[in-house]
Amino acid sequence: MAGILIIAHAPLASALRECAAHIYGGLPERIGAIDVLPDCDPTRVVAFALSEIERLREENGMLVMTDMFGATPANIASRLATQPGVRVLAGVNLPMLVRGLCYRTCNLDELVEKALAGATKGVHAIGPLVEAAGACESAEQAPCEAPGVPIVEACPAAASAAAAGAAEATGCAGSVANPNGVQH
């Protein structure tokens, strides 16, 4: 049975693991979570993740799931992909995790296919049907543009790191932790 490690922005990794425990009526074996904090030191997180892989790995390998491709947690997880018997998937969601848990007795390549299928098949639009594209657009309607994300309060650590240029150089600026205070 393959081990599973979730590496994501805090508190998503722990939250997904807790969701799995809720669904299964208890925490499944060999599932770990690393919540990456805004001020993390990626080198320390990679070292911790390698120790977690050794702790969680089973005979058919290890599946690492991470949240957003290109973000710090995914960059950390990508460094693990060179390890023998380790596969890394980005875009983790609850359907991916549940599918991964259900099929972790399969060989690693089949497990990857099943988990990816769970991730994509688990995403649906829910609500009333939308009319055919363009049917409701008026000539005066402006094209849809992303408005951006308003920042209510800048993170002090990120602001000082940006000012020092450290954020550019490292992709993040401290430690791995579970917001509940439980060490993984």
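The values are calculated or read from the model by the stated rules, or taken from the named source; none is laboratory data. The structure presented is a predicted model; accordingly, all values stated were derived computationally and were not measured. Every residue, glycine among them, receives a Cβ derived from its backbone with ideal geometry; neighbour counts consider all protein chains shown.
Key figures for this structure:
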item: First in the range 97-112 and under 19 Å from residue 19 (Cβ atoms) and of a type in the set (Lys, Arg), second anywhere and at pLDDT 95 or above and part of a loop (DSSP other than H, G, I, E, B), Cβ under 6 Å, 6 or more apart; result: 104/2
item: Inter-residue pairs, beta-carbon under 8 Å, first over 16 Å from residue 6 (Cβ atoms) and in the range 44-65, second part of a helix (DSSP H, G or I), 6+ apart; result: 60/108; 60/111
item: Evaluation of residue 59 against (1) at pLDDT 95 or above; (2) within 21 Å of residue 102 (Cβ to Cβ); (3) more than 14 Å from the chain's Cα centre (by Cα); (4) among the charged types (D, E, K, R) (one fails), failing number; result: (1)
item: Residue count, the range 76-125 (criterion: assigned to a helix (DSSP H, G or I), out of contact with any Ser or Thr (no Cβ under 9 Å at 6 or more places or on another chain) and not hydroxyl-bearing (Ser, Thr, Tyr)); result: 19
item: Flag if residue 120 is at pLDDT 95 or above, more than 28 Å from residue 47 (Cα to Cα) and surrounded by 10 or more Cβ atoms within 10 Å (Cβ to Cβ); result: yes
item: Enumeration of residues in the range 22-49 that are closer than 25 Å to residue 85 by Cα and part of a helix (DSSP H, G or I); result: 42, 43, 44, 45, 46, 47, 48, 49
